[in-house]
Every structure is written in structure tokens, then in C-alpha cells.
Amino acid sequence: MKRLIVSLSFVVGSALSLSAADVLTQAKDSGLIPLPTNQAGVEKILTEAGVKFSPFSEAKAELGKKLYFEPRLSKSGLISCNTCHNLGLGGTDGVAAAIGHRWVANPHHLNSPTVYNSVLNSAQFWDGRAADLADQAKGPIEAEPEMATPAKLAVEKISSLPEYQEEFKKVYGKSGVTFDNIADAIANFERTLLTPSRYDAFLNGDDKALTKAEKEGLQLFLDKGCAACHTGVNLGGTMQAFEVAGKYKFANLGDFKGDANGMVKTPTLRNITETAPYFHNGAIWKLTDAIKEMGSTQLGITISDKEASKIETFLKALSGTKPTITYPQFPVATDKTPKPEL
């Protein structure tokens, strides 16, 4: 009898391991891949995706960190990249529509996407109009409803600070402070904002990295077809058709309709529990409601409360470890530094 019990235990244990292996195989077959562990891994993914990037350096990233938090890059002197992409709030701002210059809400009622892991998106902005982070970084600086700083003024502000001039010279040589270099430095900092999670450990072969309930949620996520859009290293970040199977119930909130072909950048699901409200217009605050809405809008299916809860359990495992960021000290303004305009 003792020998039989041992044999049965072995069979049951093998079945559980096989089940985990099956889920892992299905996940990989669906195009899910783990985060890279270093910048060489980032560059490999970007190269394969055809995304443009400049050579990475720690010096660029350190300069970019200062610029990411630098409020003087805005016309008012109050708004930085971190205002809408707050690194303490999951890389977002926690409001439905981004707030910009003169406390004006985004005119299209667009929600701020997370900056964490955004380097691995194959498209930037909700309409995918920027293909890489450096190009994306320029947009909010110049946009009137956001930071409202024309490129020439941004360069004038940064150039008025000798400490920045010296740092740009060290990093970029003779070209020094240019709008392209400002954006490139910010992009290099954003490349470091990777958040590896237990999910990534599971994809790398650690059976025990996810709980049984999380594996069941992942299995359901795959079986329902969620990975048709939420795939790749970011479980999103690519341009996809929207309202494939039904009408989005909050489609009339704001006037955003996607790109010229109605395509919308699929948001990453990484750290999704930290980035409410959801969708391009921030209309849904509860994650399970967002899951059910995606079922009807994209898949043409009804996802029950119980099923949504199981998928949510898996999605919670996508919360990763954030890099430690030390808030920078900025150069002191000079007589040449343009004054804020409110």
C-alpha cells in the first residue's frame, strides 16, 4: 500500500508538472516572451522589430533621467515627463485624461500610457505615429496641450544652464545641446525602465514562479484569445484593429478613432493593476470590467465575472520589480534661462 501511495503521488506530481509545461508551451506558441535582462537583450528585440535606436550608454541614461524629471522643459516650468508618466504611479498619472499646460485636459480625452517597458513597444502613442522612444519624447514637449515648449525654446532653456552644456558635450560631443539629443537622452533613460516579474521567471522555465491560480488564469487568458492582441514581450504595444467584434461602450468619450485605418496601439498588460483607468480614453476603472469589455468588443464573447476574476489573478502576476530611481538635483537657473510662462 505504501508503495502504491508513493507511485500515485509521483503520477499526480508529474501531471501537475506536465500541466504547467503545457501552459508554458501554449504561452510561447502564442508569442509571449520574457523581458530581456540587459540592454543587449533590449537591442536584440528592437532590431528584430525594426525599431530605430541609438547606442545605449549609462551616461546618456543619467542625463536623460535629469531631463525626464526636468520641469523647465515645459513652458510653465511646472510640468515634466514624470507629471503624466509618474514612476511612482505605475508610469501613468492616475487620471482619465492627461492634464497639461494651463491645467487643460487632453482635448481628445486621451489617457496617459505607462512609460515602464515602453521601449519594447513597436509603436508609440495611441495612434502609433511614433516608431521609437526618441521620436515620441519630442511630441509631448512641443504639444500645446502638454508641455507647450517649441523645440527652439527647449534648446534655449537647457543651453542656458552651464551644467547641462557640459554634460551634453561629454555625452554627445560637438553637437552638444540639440532637440534631437534631448529626446535621445530621455529615450535612453526610458530604456532602463524594465520591470521583470514572476511571469517572466515562469516563461524562463521556473514552474513554481506562478501559483496554480495564476497558471489557471494564464490558461484562460490564452484559451479566450486575449493573446491575439496582447502578445509579444509586452503583451501589447503593437497596432491592432479596434472594435473588431462589437462597439466599445464608451466610444463617444473623446474623439479618438485610431490611425487612418482605425488601428489602435494595444496597451501593455505589464503592471496593469497599477495603471487604471483603462482604455485610450480612461473610461473604465475596474480591471475585471475592462477584461469583460475586451471580450465583447474584440472577441465577440461574453466573459463571466468568475472568468474575469481568474484572468485578473493572472494579470496581477505581471506586476514587476521597478528599478530604483533617485530623484535628480537640477542645475541652478542663470540670467539667460527663459522665464516660465503660465
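The values are calculated or read from the model by the stated rules, or taken from the named source; none is laboratory data. Worth saying up front: this structure is predicted, and the values here are computed from it rather than measured. A quick note on method: Cβ atoms are made from the backbone with ideal geometry, for glycine too, and the neighbour counts reach across all protein chains shown. Note: areas computed on protein heavy atoms with side chains; ligands, DNA, RNA excluded. Shrake-Rupley method; radii C 1.70, N 1.55, O 1.52, S 1.80 Å.
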Can you run down the residue pairs with Cβ atoms below 6 Å, 6 or more apart or on separate chains, where the first is in segment 243-272 and without any contact (Cβ under 8 Å) to a residue 60 or more places away in the chain and the partner is surrounded by fewer than 16 Cβ atoms within 10 Å (Cβ to Cβ)? A245/G300
Considering (1) in contact with a Gly (Cβ under 7 Å, 6 or more places away or on another chain); (2) buried (at least 22 other Cβ atoms within 10 Å of the Cβ); (3) charged (D, E, K, R), say which one D259 fails and leave the rest. (2)
Checked segment 158-168 for anything out of contact with any Lys or Arg (no Cβ under 6 Å at 6 or more places or on another chain) and open to solvent by less than 40 Å² (accessible area, probe 1.4 Å); matches are I158, S159, L161, Y164, E167, F168
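Test of understanding: among V171, V155, which residue is touching a Phe, Trp or Tyr at 6+ places or on another chain (Cβ under 6 Å), in contact (Cβ under 8 Å) with a residue 24 or more places away in the chain and either open to solvent by 30 Å² or more (accessible area, probe 1.4 Å) or not in a helix (DSSP H, G or I) (or both)?
Values: V171 fails: touching a Phe, Trp or Tyr at 6+ places or on another chain (Cβ under 6 Å).
None of the others qualify; the one that does is V155.
Hey, any hits in segment 227-240 for a residue that's out of contact with any Ser or Thr (no Cβ under 7 Å at 6 or more places or on another chain), closer than 19 Å to L110 by Cβ and not in a helix (DSSP H, G or I)?
Looking only at segment 227-240, we keep the residues that are out of contact with any Ser or Thr (no Cβ under 7 Å at 6 or more places or on another chain), and these are 228, 233, 239.
After this cut, where a residue has to be closer than 19 Å to L110 by Cβ as well, the list is 239.
Now drop any that are not not in a helix (DSSP H, G or I), which leaves 239.
Within segment 227-240, one or more residues are out of contact with any Ser or Thr (no Cβ under 7 Å at 6 or more places or on another chain), closer than 19 Å to L110 by Cβ and not in a helix (DSSP H, G or I).
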Output the residue which, of all residues in segment 121-149 that are over 23 Å from M263 (Cβ atoms) and in contact with a Lys or Arg (Cβ under 8 Å, 6 or more places away or on another chain), is surrounded by the most Cβ atoms within 10 Å (Cβ to Cβ). T149
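Out of segment 100-120, which residues are farther than 15 Å from R270 by Cβ and either in contact with an Asp or Glu (Cβ under 7 Å, 6 or more places away or on another chain) or surrounded by 20 or more Cβ atoms within 10 Å (Cβ to Cβ) (or both)? Reasoning before the result, please.
Within segment 100-120, the first condition is being farther than 15 Å from R270 by Cβ, and the residues that meet it are 100-112.
Residues satisfying the conditions are G100, H101, N106, H108, L110, N111, S112.
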Scan segment 321-342 for residues that are open to solvent by less than 50 Å² (accessible area, probe 1.4 Å) and either polar (S, T, N, Q) or part of a helix (DSSP H, G or I) (or both) and jot them down. T334, T337
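In the list G128, G90, which residue meets the criterion of being in contact with a strand residue (DSSP E or B) (Cβ under 6 Å, 6 or more places away or on another chain) and more than 30 Å from A333 (Cβ to Cβ)? Break it down stepwise before answering.
Working: G90 fails: in contact with a strand residue (DSSP E or B) (Cβ under 6 Å, 6 or more places away or on another chain).
Unique residue meeting the criteria: G128.
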Looking for something open to solvent by 50 Å² or more (accessible area, probe 1.4 Å), of a type in the set (A, V, I, L, M) and assigned to a helix (DSSP H, G or I) - is there at least one such residue anywhere in segment 214-225? no
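Quick check, is G246 on the phi > 0 side of the Ramachandran plot, of a type outside the set (A, V, I, L, M) and open to solvent by 20 Å² or more (accessible area, probe 1.4 Å)? Lay out the reasoning, then the answer.
Details: on the phi > 0 side of the Ramachandran plot: no; of a type outside the set (A, V, I, L, M): yes; open to solvent by 20 Å² or more (accessible area, probe 1.4 Å): yes.
Judged against the criteria, G246 is not a match.
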Just to be sure I understand, how many residues within segment 303-320 are touching a residue at least 40 places away in the same chain (Cβ under 8 Å), out of contact with any Ser or Thr (no Cβ under 6 Å at 6 or more places or on another chain) and open to solvent by 60 Å² or more (accessible area, probe 1.4 Å)? 1
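Would segment 40-55 turn up any residue that is closer than 20 Å to F168 by Cβ, over 14 Å from the mean Cα position of the chain (by Cα) and not small (G, A, S)?
In the first step, residues of segment 40-55 are kept if they are closer than 20 Å to F168 by Cβ; the result is 53-55.
Now restrict to residues that are over 14 Å from the mean Cα position of the chain (by Cα): 53-55.
Keeping just the survivors that are not small (G, A, S) gives 53, 55.
Taking every residue of segment 40-55 in turn, at least one turns out to be closer than 20 Å to F168 by Cβ, over 14 Å from the mean Cα position of the chain (by Cα) and not small (G, A, S).
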Kindly indicate the residue of segment 188-213 that is among the polar types (S, T, N, Q) and within 16 Å of the chain's Cα centre (by Cα) and also most open to solvent (accessible area, probe 1.4 Å) among those meeting that condition. T192
Let me spell it out: the conditions are (1) in contact with a Ser or Thr (Cβ under 9 Å, 6 or more places away or on another chain); (2) of a type in the set (V, I, T); (3) surrounded by fewer than 18 Cβ atoms within 10 Å (Cβ to Cβ), and T275 meets all of them except one. Which number is the exception? (3)
Per-region count, segment 243-288, residues part of a loop (DSSP other than H, G, I, E, B), among the aromatic types (F, W, Y) and under 22 Å from T302 (Cα atoms): 4
If we keep just the residues of segment 174-187 that are touching a residue at least 40 places away in the same chain (Cβ under 8 Å) and either surrounded by 20 or more Cβ atoms within 10 Å (Cβ to Cβ) or over 24 Å from the mean Cα position of the chain (by Cα) (or both), which is farthest from A154 (Cα to Cα)? A187
Unmet requirement for A290, which otherwise passes all of (1) over 26 Å from V115 (Cβ atoms); (2) free of Cβ contacts under 8 Å to residues at least 24 places away in the same chain: (1)
